[in-house]
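Shown next, in structure tokens, is the structure this report addresses.
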Amino acid sequence: MNTSPMPLLEISGLRISTRGASALHLVEDINLSVGRGETLGIVGESGSGKSISCQAALGILPSALEVTAGRVVFDDTELTHLDNRRLNHIRGRRIGVVFQNPLSSLNPALTVGHQIAEGLRVHKGLSRKRAWQRAVELLDVVRIPAPHLRVKNYPHEMSGGMAQRALIAMAIACEPDLLVADEPTTALDVTIQLQILDLLASLRDELGMALILVSHDLGVITRMCDRVAVMYAGQIVESGATNELFAQPAHPYTSALISSSAVNVAKGTSLTAIPGQVPRPRDFPTSACRFANRCAHAEPACVAEAPAWTPIREDRGTRCRRVAELELPGLREPDAASTAEPDLAAASSESVGDAALDVHQLVKHFAVRSSRGRRQVVHAVDDVNLSLRPGRILGLVGESGSGKSTVARLLLRLIDPSGGRVVVMGEDLARLKRNLLRKQRKHMQMVFQDPYGTLDPLMNVGQSIAEPMLVHFSMSAAKRRDRVFELLDRVGLDPSVADRRPAALSGGQRQRVAIARALALNPTLIVCDEAVSALDVSTRAQIINLIQGLKEREGIAFVFIAHDLATVHHVSDDIAVMYLGRVVEYGPADRVYLAPAHPYTRALLASVLRPGEHNEDSGHRAIGEIPSPIDPPSGCRFRTRCQFAVDICAAETPQPMPMPGGGWSACHLNTPSPEAAVILTAEGFS
Amino acid sequence: MTAATISPPRSPQVPRGQTVLGKLRRQPMTMAAVLFIAMLGLAALLAPVLSPYRPHDTDYFAILQTPSPAHLLGTDDLGRDILSRMLYATRASLLACLQAVGLAVFVGVIIGLLAGYFGGWIDRLLMIVIDSLLAIPGLLLALALVGALGPGLVNASFALSIIFVPVFARITRIQAAAVNQEPYMEASRSIGLTHRRSVLRHLLPNTAAPLIVQIFITLGVAIVAEGAMSYLGMSIQPPEASWGNMLQRSFSTINEAPWLIFIPGALMTLTVLAFQVIGDGLNRSFALDTRSET
């Protein structure tokens with residue numbers, strides 16, 4: 001199934017099981033190969049077995065797991081039974097690895113230079129001095145500015161993007177033949193993600209490496225990979241050339257993954273969610289198709305026997321027995337989502353009414369001390385104005401460090417603002433006394449990012465949902481119990497869930513529980529702080545549909561915070577784009593998404609990787625990384641990363657400028673003056 | 001066959017042997033220690049029933065006797081039955097330790113929770129107090145306190161509890177401060193819980209694991225400390241028996257009856273060991289417990 005005659009790495013019939021008497025097979029029958037200069041993508045949700053398949057190929061499986069069948073052949077060497085010493089030899093020199101979380105993959109006690117040089121001295125026998133020089137060169141290769149200074153940094157002195165670059169430098173230090181990147185950009189911001197992916201692609205081409213890229217993000221896979229293998233519940237369910245596979249998926253799971261992605265669906269329609277969730281290894285069906293219970297096309301024969309791998313062509317195959325008869329939807333035509341011109345006039349209609357939320361000149365400054373004990377001020381939020389009517393969703397986007405989460409906490413007064421007003425239901429929260437604030441809390445609720453952390457692990461789900469009612473309402477235990485069941489039903493969970501501990505639930509289920517708890521008090525406003533970011537693609541769609549349904553049926557106002565512009569656009573009625581503590585652009589969702597005015601919004605938009613599209617460079621890029629909110633740039637805060645920045649940007653803070661189609665943008669170049677308009681369009685954005 | 005039969009919903013019950021107690025049950029050493037402490041406790045409770053003689057009854061015709069059917073553990077220099085005295089001594093010593101550790105846990109946990117939950121100046125103030133307590137050598141402080149308050153079981157327990165407070169305050173504080181960062185603590189604020197409810201319902205239960213371990217380890221320390229104090233005559237006063245003062249008394253007759261010193265000595269050693277083993281076992285079970293959940 002590969003094009004080059006002699007694959008560099010070939011995995012055949014791989015099976016990985018837990019050690020011990022009742023062995024569970026976590027992955028089975030994995031066949032993969034990758035040749036030099038080629039990129040293989042492995043895509044799947046968490047729990048599909050994509051990471052451990054790579055770990056097995058590298059011989060770094062956790063000690064509780066072992067390879068029980070199959071072979072991993074790397075350049076004529078069988079790796080599965082190799083002893084550790086020889087494996088180490090191959091791993092360091094010929095195979096490099098990049099992991100998901102760069103900061104925890106580096107040793108915090110050693111400088112970055114030391115860690116890069118260490119590998120060079122062991123594997124290449126370089127002298128201490130020579131290895132150090134090489135480390136500096138490598139940091140330059142991965143485009144870290146001022147490498148001779150950075151080489152002396154400890155990991156905590158670097159940002160996530162910088163640390164990931166350093167990790168890549170370490171992985172390519174010995175010029176490996178194969179680079180395995182396991183979710184290399186998942187922990188990073190979209191603008192940084194794009195930079196890192198570009199770096200990986202150019203390194204692959206320069207060094208002629210084979211690249212295995214593991215990701216759950218179809219957009220990332222499309223941009224990078226020649227061929228893809230789609231994994232589900234420990235099996236490869238489909239593989240083939242990227243374009244073909246996305247255009248004409250041959251397995252219902254692939255098709256469903258594509259249509260549950262927000263970038264691929266027209267706004268206002270609900271996302272195609274895959275019902276249920278990925279089974280856990282002990283629930284893998286042995287004599288049925290593993291996807292059958294979530295599949296829209298399943299028929300009785302699908303659960304009668306496990307489907308065999310069906311090759312379609314030499315390079316393409318699927319694990320669906322109905323492949324011949326099914327006509328599965330793939331990607332829609334590339335611009336279908338945006339062909340409909342935004343109805344700008346309609347979108348901008350602002351009806352008057354009581355606002356559910358009104359934020360006026362909100363400011364939050366934190367006092368911190370520098371390492372030398374100097375007092376410093378973090379300008380986390382500066383002069384933010386927002387308003388939201390009942391039954392609408394306001395999307396708040398920006399990179400990490402832009403102040404989104406601080407705003408979320410200020411909206412509920414989980415932290416005290418340094419200035420400004422937050423008016424919910426006619427009450428200015430900032431002025432409320434503790435007791436009144438506590439009473440006011442029933443009108444406003446929050447759903448947090450981390451579905452694993454927001455529920456007390458020692459309480460069962462029913463207790464967690466009942467708790468707010470216990471505090472705010474006086475009702476009998478029986479009534480409360482009934483209400484818990486009703487709430488569980490409203491978020492699409494079975495009543496039996498009430499007796500379980502959060503640990504027994506999946507991420508999506510926990511997030512539903514968190515929403516049920518937020519609904520318990522009949523709030524008028526719910527703030528969702530990155531509520532879907534930690535979820536898998538298919539469960540994400542379920543939660544988004546749930547939120548939209550609640551908005552439409554019950555008229556609850558939502559503030560939906562996320563870093564993913566495509567998702568925010570899909571969900572929201574209005575969008576506010578934040579950068580370094582300020583809102584830089586605000587307006588109706590379609591206007592902001594389809595006709596962005598601020599260079600930062602454009603850069604964010606250019607970083608959205610759409611599955612199936614080899615996104616052409618629009619020329620809009622954010623340069624470098626977000627600066628520290630301590631001592632932010634003068635004037636326009638985005639100017640240090642803006643490719644259009646001119647003198648006035650440093651001198652004056654740009655004021656909101658009304659935009660055609662509704663909303664406003666705060667950029668000096670958005671003035672109606674003709675030459676400024678020329679600057680923006682000449683660079684290629686249309 | 002329907003789709004539902006393919007993957008039946010997982011049973012909500014935690015698999016057998018996965019709970020903390022289940023894991024403890026599979027550690028034979030820990031179970032032996034638990035059994036030992038349970039028997040010791042039972043013996044202390046039933047001392048009046050179990051002892052063949054009254055603990056203060058002297059018999060001048062049976063002085064310093066070796067173990068015999070009449071006196072299973074022999075007699076001391078006043079002809080008192082050692083077994084009976086040991087039973088009462090166990091009662092007194094365990095009670096002193098429980099009092100000392102109980103009070104220390106109560107005060108220490110409150111201080112630790114306040115410091116960890118509120119942070120800021122409350123934290124700094126409380127920790128200054130705790131740190132200055134820690135700066136004074138423990139036993140010296142306890143002896144000085146008893147010196148001021150007068151010897152006796154209650155005063156000795158109180159003095160000991162003072163020196164154990166910092167341990168519990170610090171462990172609770174560090175754990176509470178960590179748990180306080182968990183999203184569910186912020187979530188509990190966002191639904192409008194009172195401080196009281198947040199602390200008692202969410203913070204305390206989630207800080208309990210290391211505390212329980214520390215309680216057992218401190219009980220072991222308390223046995224030794226209480227022994228030392230009553231050896232010095234600062235705690236339980238003769239003729240009431242305690243492990244410490246029986247040890248002290250047997251020293252004066254070490255030439256005539258060397259075995260006497262081993263009886264309270266061995267029991268103290270075993271008790272300390274048992275508490276430590278239980279603490280270790282709990283620690284391991286809690287550690288495994290959290291790992292299996294993530």
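Between B:Ile128 and A:Asp383, what's the calculated FRET efficiency when r is the beta-carbon distance and R0 is 51 Å? Round to 0.05.
It comes to 0.80.
Determine the distance separating the Cα centre of the range A:520-576 from the Cα centre of the range A:371-448; give it in Å without decimals.
18 Å
Expressed as a whole number of Å, what is the distance separating the alpha-carbon centroids of the range A:582-608 and the range A:468-510?
Here the answer is 38 Å between Cα centres.
Please give the Cα centre distance for the range A:272-328 versus the range A:176-197, rounded to the nearest Å.
Comparing the Cα centres of the range A:272-328 and the range A:176-197, I get a distance of 30 Å.
Under the Karplus relation 6.51 cos²θ - 1.76 cosθ + 1.60, θ = phi - 60°, what is the ordered set of whole-Hz ³J(HN,Hα) values for the range A:138-150, x standing for Gly and Pro?
5, 4, 5, 4, 8, 6, 8, x, 6, x, 5, 8, 5
List the residues whose amide H sits under 5 Å from the amide H of A:Leu24, counting only those 5 or more places along or on another chain, with H placed 1.01 Å from N in the peptide plane.
Under 5 Å from the amide H of A:Leu24 lie the amide H atoms of A:Thr18, each far enough along the sequence or on another chain.
To the nearest 20 Debye, how big is the dipole of the protein assembly as shown about its Cα centre, given +1 on the beta carbon of each Lys and Arg and -1 on that of each Asp and Glu?
That gives the protein assembly as shown a dipole magnitude of about 2260 debye.
Name the long-range amide H neighbours of A:Ile526: under 5 Å, sequence gap of 5 or more, or other chain; modelled H, no Pro or chain starts.
A:Gln445, A:Ala557, A:Phe558, A:Val559
Assigning unit charges at the beta carbon (Lys, Arg +1; Asp, Glu -1) and nothing else, what dipole magnitude in debye, to the nearest 20, does the range A:388-572 show about its Cα centre?
It works out to roughly 720 debye.
Could you calculate the contour length gain from A:Ser400 to A:Ser12, that is, 0.36 nm times the residue separation minus the distance between their Cα atoms, to one decimal place in nm?
Length difference between fully extended and current span is 135.6 nm.
Just the number, please: buried accessible area between A and B, total of both chains, 1.4 angstrom probe, nearest 100 square angstrom.
Counting both chains, the buried surface is close to 2800 Å².
Please find the FRET efficiency linking A:Ala247 to B:Arg197, where r is the Cβ-Cβ separation and R0 is fixed at 41 Å, and quote it to the nearest 0.05.
E(calc), rounded to 0.05, equals 0.15.
Please report, in cubic angstrom per residue, the volume enclosed by the convex hull of the alpha-carbon atoms of chain A.
Normalising the Cα hull of chain A by residue number yields 178 Å³.
Output ³J(HN,Hα) for the range A:229-238: one whole-Hz value per residue in order, computed from phi by the Karplus curve 6.51 cos²θ - 1.76 cosθ + 1.60 with θ = phi - 60°, and x for Gly and Pro.
10, 9, 10, 8, 6, x, 10, 7, 9, 7
Within a 10 angstrom radius of each residue's Cβ in A:448-457, how many Cβ atoms of other chains show up on average? Whole number is fine.
On the way: counts 5, 1, 4, 1, 5, 7, 8, 3, 11, 7.
Whole-number average of other-chain Cβ neighbours for A:448-457 is 5.
At 7 Å along the Cα-to-beta-carbon direction for both A:Gln361 and A:Ala266, put a label point, then send me their distance in nm to one decimal.
4.5 nm
For n ≥ 4 DSSP H runs only, could you compute -39500 (n - 2.57) per run for the protein assembly as shown, divide by its residues and tell me the 222 nm figure to the nearest 500?
Estimated from H runs of four or more residues: -13500 deg cm²/dmol.
Please give the peptides A:380-392, A:481-493 ranked by average Cβ packing (other Cβ atoms within 10 Å per residue), highest first, as a rough proxy for protection. Please report the intermediate quantities before stating the final value.
Values: A:380-392: 19.9, A:481-493: 17.9.
So the order, starting with the most tightly packed, is A:380-392, A:481-493.
Using modelled backbone amide H atoms (1.01 Å from N, in-plane), which distant-in-sequence or interchain residues come within less than 5 Å of A:Thr39's amide H?
Under 5 Å from the amide H of A:Thr39 lie the amide H atoms of A:Leu211, A:Asp226, A:Arg227, each far enough along the sequence or on another chain.
How crowded by other chains is A:292-300, given as the mean number of beta carbons from other chains within 10 Å of each beta carbon?
2
Under 8 Å for C-alpha pairs, at least 6 residues apart: give me the relative contact order for the range A:9-232, rounded to a whole percent.
That works out to 30 percent.
Please give the net charge around A:Arg128, taking every other residue with its beta carbon less than 14 angstrom from that of A:Arg128, where Lys and Arg add +1 and Asp and Glu add -1.
Value of the local net charge: +4.
Per-residue Cβ counts within 10 Å, from other chains only, averaged over B:190-200: what number is that?
Values: counts 16, 17, 15, 7, 4, 1, 0, 3, 0, 0, 0.
Average neighbour count from other chains, rounded to a whole number: 6.
How high is the FRET efficiency from A:Ala304 to A:Ala21, r the C-beta distance, R0 35 Å, rounded to 0.05?
The formula returns an efficiency of 0.75 here.
List the residues of the range A:399-435 for which accessible area in the full set of protein chains is at least 30 Å² lower than for the chain on its own; 1.4 Å probe, protein heavy atoms only.
Residues passing the criterion (a loss of at least 30 Å², heavy atoms only) are A:Leu414, A:Arg434.
Can you give the net charge of the other residues whose Cβ lies under 15 Å from the Cβ of A:Arg375, counting K and R as +1 and D and E as -1?
+2
I'd like the per residue volume of the convex hull spanned by the Cα atoms of the range A:9-232, given in cubic angstrom.
Convex hull of Cα atoms, per residue: 120 Å³.
To check you understand DSSP bridge types, tell me what percent of the beta bridges within chain A (both residues inside) are antiparallel, rounded to 5.
Values: 55 of 91 bridges.
Antiparallel: roughly 60 percent of the beta bridges in chain A.
Would you work out which of A:Ala171, A:Pro145, A:Gln133 lies farthest towards the positive end of the dipole of the range A:9-232? Charges go on Cβ: Lys and Arg +1, Asp and Glu -1.
A:Gln133
Mind pulling the angle between the C-alpha long axis of helix B:243-252 and the longest principal axis of chain B? Nearest 10 degrees, somewhere in 0 to 90.
Tilt relative to chain B: about 30 degrees.
Can you run phi through the Karplus equation (6.51, -1.76, 1.60; θ = phi - 60°) for the range A:578-590 and list ³J(HN,Hα) in whole Hz, with x for Gly and Pro?
10, 9, 6, x, 10, 7, 9, 8, 8, x, x, 3, 5
Just the number please: accessible area per residue for chain A, 1.4 Å probe, all protein chains included, in Å².
Details: 27680 Å² over 686 residues.
So chain A comes to 40 Å² accessible per residue, rounded to a whole number.
I want to check the label-to-label distance for A:Glu552 and A:Glu137. Put each point 7 Å from Cα in the C-beta direction and report it in nm to one decimal.
Label at A:Glu552, label at A:Glu137, 6.1 nm between them.
Run the dipole for the range A:470-530 about the Cα centre, Lys and Arg Cβ at +1, Asp and Glu Cβ at -1, nothing else charged, and hand back the magnitude in debye, nearest 20.
200 debye
What does the charge add up to near A:Cys54, with Lys and Arg as +1, Asp and Glu as -1, over the other residues with Cβ less than 12 Å from its Cβ? Walk me through the numbers before you get to the answer.
Details: positive: A:Lys50; negative: A:Asp182, A:Glu183.
Local net charge: -1.
Towards the positive end of the charge dipole of chain B, with charges on Cβ (+1 Lys, Arg; -1 Asp, Glu), say which of B:Val199, B:Ala148, B:Gln214 has the farthest Cα.
In chain B, that residue is B:Val199.
The values are calculated or read from the model by the stated rules, or taken from the named source; none is laboratory data. Everything numeric here is computed off the predicted structure, so don't read it as measured data. Cβ: placed from backbone, ideal geometry, glycine included. Neighbour counts: every protein chain shown. In case anyone asks, the SASA skips ligands and DNA or RNA and just uses the protein heavy atoms, side chains included. Shrake-Rupley method; radii C 1.70, N 1.55, O 1.52, S 1.80 Å.
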